[in-house]
Structures are given as C-alpha cells and as structure tokens.
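Below you'll find the structure, written out as structure tokens, and then a few comments.
Each reported figure results from applying straightforward, stated rules to the coordinates on display, with no laboratory input. Treat the numbers as computed from the prediction; the structure is a model and nothing was measured. Counting neighbours? That spans all protein chains shown, and the Cβs are built from the backbone with ideal geometry, glycine included.
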Amino acid sequence: MNLKDFIRSIPDYPKKGILFRDITTLIKEEKAFAETINQIVEKSKKYKFDKIAAIESRGFVFASAVSYLLNKPFIMLRKKDKLPADVHSVDFELEYGTATIQVHKDSINNNESVLIIDDLIATGGTAEAAAKLIEISKGKVSAFIFVIDLFDLNGANNLKEKGFSVESLMEFPGH
C-alpha cells in the first residue's frame, strides 16, 4: 500500500504559496490508517524508550494508537494554557510569529527515554521545542517519528545535525 496516495494536497492553504499536506484523507481510510500505525510501530522497534510523546494536535492521532499497541505511557505536548497542572514551557519561532508548548512537570521522570511522534516535520521548530521540553523534564529523546517529512524545508536534517534520530514514513516537497 502506498500511503502517499492517501495524502491530499491543498494549494494556498492556510495562506497563499503554501501547499498543505492533509492527513485527514489518510486517517479516514481504516486500512491506510492501520498501515500507518503499523509502520510507526515497526520503525519504533529500532529504539529503546519508556514513554511516547506527541505534539498537539494531529500527532495525538498517531501516537495514542501506537502507545496503546506498545503498552507505553502517552504524554501530550500541548499549546500554552491547555494543561491544568504545573508545566514546563518552551517558546519557539514559527514562520508567522512565536508559540509555546508545554508538558506537565510530572509526565517524565529523570532519565526516562521518550519517543516523539508527529504527523509532519517542516522546518523543525516545533520538534526542537518538543525535544527541549523532554530535556527540561530531565528525560532524553530516543527518536522522532513523523508520518510526513517535507524534505526541502530541512527540518529532519536540522534535527539529525543536532544528534537526534529521525524517521519518517513518506516524503513530499514543502512547496
């Protein structure tokens, strides 16, 4: 099954000049979604990790299913002010401004290894912020697994240059 066939490309969304890679067409097809989860699980077998984290919000779709199948705890990395208890926060740059992601302070114990899953890597700013959150929490990043790598935006390479292991299921150009 070629998972790329299930990704819809939408030009000029959310703004002119962006070619949006839509995963809703992948997850609405049960066989394609199941194959996606199976491929993430297979790639995860290369790594040792205690917990799985995902970046809000589309990453939750994939990571929660993988967490269930692997019987690993699931950690949500959320946008600012979405978590009710004490949090660690990391601010980061986006193309159009800044953002903040957070994790509960009690989500990760000292030296726990965390696999981070997300739907897509573009420039890598959000993924780098996620790694900082794990490190602030005294954990370590085992690896990143993305469903889609927008390879020409260089985010995966940026993460690799910083010493992180990075996997993806498929690649598309970012523009």
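Assorted remarks:
- Farthest toward positive dipole pole in the stretch 48-172 [+1 Lys/Arg, -1 Asp/Glu at C-beta], among 64, 159, 124: 64
- Gaussian network model of the chain, springs between alpha carbon atoms under 10 Å - residue of 153, 115, 19 with greatest fluctuation: 19
- Computed from the alpha carbon positions, the gyration tensor of the chain leads to an equivalent ellipsoid with semi-axes of 24, 20, 15 Å, biggest first.
- Choice from 18, 108, 75 with maximal GNM fluctuation in the chain (Cα, 10 Å cutoff): 18
- Candidates per GluC sites (Glu not before Pro) in the stretch 1-109, loop by DSSP, up to 13 other Cβ within 10 Å: 95
- DSSP loop trypsin sites (Lys or Arg not before Pro) with at most 16 other Cβ within 10 Å: longest gap in the chain: 106-137
- Partners of residue 138 within straight-line reach, counting lysines whose Cα lies under 19 Å from its Cα and excluding those fewer than 8 residues away in the same chain: 48, 51, 72, 105, 162.
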